[in-house]
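Chemist: Could you have a look at this structure, given as structure tokens, before my questions?
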Amino acid sequence: MVFFYDSRAGGRHHDYDELKDSLMKTLSILYPLAGRMKDGSTTIECNDEGADFVRANVTNCDLGEFLRHPKLEDIRRLLPLHPYPNAIDPAQPMLAVQMNRFRCGGTAVAFCIWHGLVDASAMMGLFNTLAAINRGEGPINPGGLIVDTSPIFRPGNLVRSPLMPFSLNNRGKYSSKRFVFGKQDIERLRNNYYHPSEHRRRPSRVEALSAFIWAAVIRAILPVNPNLKTHLLTNVVNLRKKLNPPFHSQCLGNIFQEVAARWESEADGGERVTAGFLVGRVAEAIDKVTDDTVRKMHTEDGYLEAILGLSKAFQNAYEINVLSITSLCNIPFSQVDFGWGKPIWIGMGYTLEDFAVFLDAEDGGIEVLIGLAQEVMCNLDKDMEFNAYVSFSQIFSKPSCPLPSAL
């Protein structure tokens, strides 16, 4: 994740030594981030070895030039580590930060954090703590950011088997794009999909936009591969507020659960797929996640059994398409202020293959980063129903462009 700051905002000099000292103080509070993996990445040893802190100068462009048309390969060059190492190195830090100074004085603060230790909400806890300390205000909720979740999420043995493939198929050439959906257009979708006579609640903006994008992607896939009979949409649900009593909203850990909605081309009306129909499936999958279901799933190994059961269906992966959505909406990344003002943009270093990330946009809308097979993306670009709701679009990465190492 990369936060971009204009040197003219905030009223304070971008002092890199000050931020380094603030990071040291933050690690004394979020001490697992200063540890190392052991026992084949099943344990964090809090040995205080520390995090990496790197300084870099961007000498070939100003911040404004960089952000005019940001590309994935350029964002990767701002990161302190390669985000997808070939193997897990137990000596690798849990956290690395790179301070990138542009020749205009603007700054990009880039974070690489091991996903085995934090999810998006936990990252927000790190950013809030670091930012508050750097502003001279002291840590926020220092006692609530580390929580022992083992009574609910009991450790278990997960052995990868032939039924759990790392990759579903030969993915081929992918491209990714940025799309921005304005607040009014998202509200229009929510209203269009709300039918009180069906005794269904009004969909959230994430549910409505998820269904809208899923329907458009299915329409884009069918001409390319009409043999895909089953389409799954996965969403990530933050469990912190689903539990009773709830966990701290920003405590460390991967405290989320992935849920799946399903559409069958034959059982659900052939090629006549509409977002108004799909939104019910999306909301139903999310609503099933409650305190009772979470405790039952995790304390009785039900979640592991569900994963194994789903993986059996992937043996016929040539008939299944999975689109995964991770929503970072309502997590206030855009408010992270190190004393330099709010970030003017947030860049993501993800590889996007049948995968979309939602971020809050400035006006209350949603920015979507999505990666699709090249032919599917071309069809999506031609979809008039889809484009009628898009206020801005931009290519993020093109196919067949090997990404350089960010080291």
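Just so it is clear, none of the values below were taken in a lab; they were calculated from the coordinates. All values derive from a computational prediction rather than experimental measurement. For neighbour counting, all protein chains shown are included, and Cβ atoms are generated from backbone atoms with ideal geometry for every residue, glycine included.
Chemist: If you line up the long axis of helix 205-221 against the longest principal axis of the chain, both from Cα atoms, how many degrees apart are they, to the nearest 10?
Modeler: The angle comes out at about 60 degrees.
Chemist: Label-point separation (nm) for GLU305 and ASP21, each offset 7 Å from Cα along Cα-to-Cβ?
Modeler: 5.6 nm
Chemist: Continuing with this model, one more query. Need one number for the stretch 2-134: average projected area of the convex hull over its C-alpha atoms, nm². Write out the running numbers ahead of the final one.
Modeler: On the way: hull surface 33.9 nm².
One quarter of the hull surface, i.e. the mean projection, equals 8.5 nm².
Chemist: Please work out the Cα convex hull volume for the stretch 177-312 and give it in Å³ per residue.
Modeler: Numbers: hull volume 22.0 nm³, N = 136.
Normalising the Cα hull of the stretch 177-312 by residue number yields 162 Å³.
Chemist: Another question, if that's okay. Taking the Cα atoms only, what angle lies between the long axis of helix 120-134 and the longest principal axis of the chain, rounded to 10 degrees?
Modeler: Rounded to the nearest ten degrees, it is 20.
Chemist: Loop only by DSSP, 12 or fewer other Cβ within 10 Å of the Cβ. Give me the trypsin sites (Lys or Arg not before Pro) in the stretch 1-75 that pass, ordered by residue number. Intermediate results must be reported in sequence, preceding the final value.
Modeler: Working: sites: ARG8, ARG12, LYS20, LYS25, ARG36, LYS38, ARG55, ARG68, LYS71; in loops: ARG8, ARG12, LYS71.
Answer in residue order: ARG8.
Chemist: Any idea what the relative contact order of the stretch 2-134 is, in percent, if you count C-alpha pairs under 8 Å spaced at least 6 apart?
Modeler: On the way: 196 pairs, mean separation 43.8, N = 133.
Here the relative contact order equals 33 percent.
Chemist: Where the centroid of each part is defined by its Cα atoms, how far is the stretch 112-147 from the stretch 18-63 in Å?
Modeler: Here the two parts' Cα centres lie 12 Å apart.
Chemist: Given Cβ point charges of +1 (Lys, Arg) and -1 (Asp, Glu) and nothing else, what value in debye, to the nearest 20, does the dipole of the chain about its Cα centre take? Spell out each step's value before the answer.
Modeler: On the way: 42 positive and 46 negative charges, 76 e Å.
So the dipole magnitude of the chain works out to roughly 360 debye.
Chemist: While we're on this one: Between ARG262 and CYS104, what length in nm is gained on full extension when 0.36 nm per residue of separation is reduced by their alpha carbon distance? Intermediate results must be reported in sequence, preceding the final value.
Modeler: Details: separation 158, 0.36 × 158 = 56.88 nm, distance 4.91 nm.
So the extension gain works out to 52.0 nm.
Chemist: To make sure I understand the rule: partners must be lysines, Cα under 30 Å from the Cα of LYS183, and not fewer than 8 residues away in the same chain. Which ones qualify?
Modeler: Answer for LYS183, where 30 Å is the Cα cut-off: LYS71, LYS241, LYS242, LYS288, LYS342, LYS382, LYS398, listed by chain and number.
Chemist: What angle, in degrees between 0 and 90 and rounded to the nearest 10, separates the Cα long axis of helix 302-313 from the longest principal axis of the Cα atoms of the chain?
Modeler: 60 degrees
Chemist: Binned at 10 Å from 0, what are the whole-percent values of the Cα-Cα distance distribution for the chain, short to long?
Modeler: 4, 20, 31, 28, 14, 2, 0
Chemist: Mean separation of Cα pairs under 8 Å and 6+ residues apart, divided by the residue count of the chain: what relative contact order is that in percent?
Modeler: Working: 735 pairs, mean separation 107.2, N = 407.
Computed value for the chain: 26 percent relative contact order.
Chemist: Still on this structure: Give, as a single signed number, the net charge of other residues whose beta carbon lies under 13 Å from the beta carbon of MET94, with Lys and Arg counted +1 and Asp and Glu -1. Numbers along the way, then the final one.
Modeler: On the way: positive: ARG36, LYS38; negative: GLU45, ASP48, GLU49, ASP52, ASP89.
Computed value for this residue: -3.
Chemist: Next question, about the same structure. Name the shape class, rounded, prolate or oblate, that the alpha-carbon gyration tensor gives for the stretch 57-139, where a ≥ b ≥ c are the square roots of its eigenvalues, rounded holds for a/c under 1.5, and otherwise prolate holds if a/b is larger than b/c and oblate otherwise. Walk me through the intermediate numbers first.
Modeler: Details: a/c = 2.18, a/b = 1.19, b/c = 1.83.
Taking the square roots of the gyration eigenvalues as a ≥ b ≥ c, the stretch 57-139 is oblate.
Chemist: Sticking with this one: Write down the percent of antiparallel bridges among all DSSP beta bridges whose residues are both part of the stretch 174-397, to the nearest 5.
Modeler: Details: 28 of 38 bridges.
Antiparallel bridges: around 75 percent, rounded to the nearest 5.
Chemist: Report the GluC sites (Glu not before Pro) located in the stretch 240-298 that are in a DSSP loop and have at most 16 other Cβ atoms inside 10 Å of their Cβ, or state none. Don't jump to the answer; show the numbers that get you there.
Modeler: Working: sites: GLU258, GLU264, GLU266, GLU271, GLU284; in loops: GLU266, GLU271.
Loop-located and lightly packed - GLU266, GLU271.
Chemist: Next up: Among DSSP beta bridges whose residues both lie in the chain, state the antiparallel percentage, nearest 5.
Modeler: Numbers: 45 of 63 bridges.
DSSP beta bridges in the chain are roughly 70 percent antiparallel.
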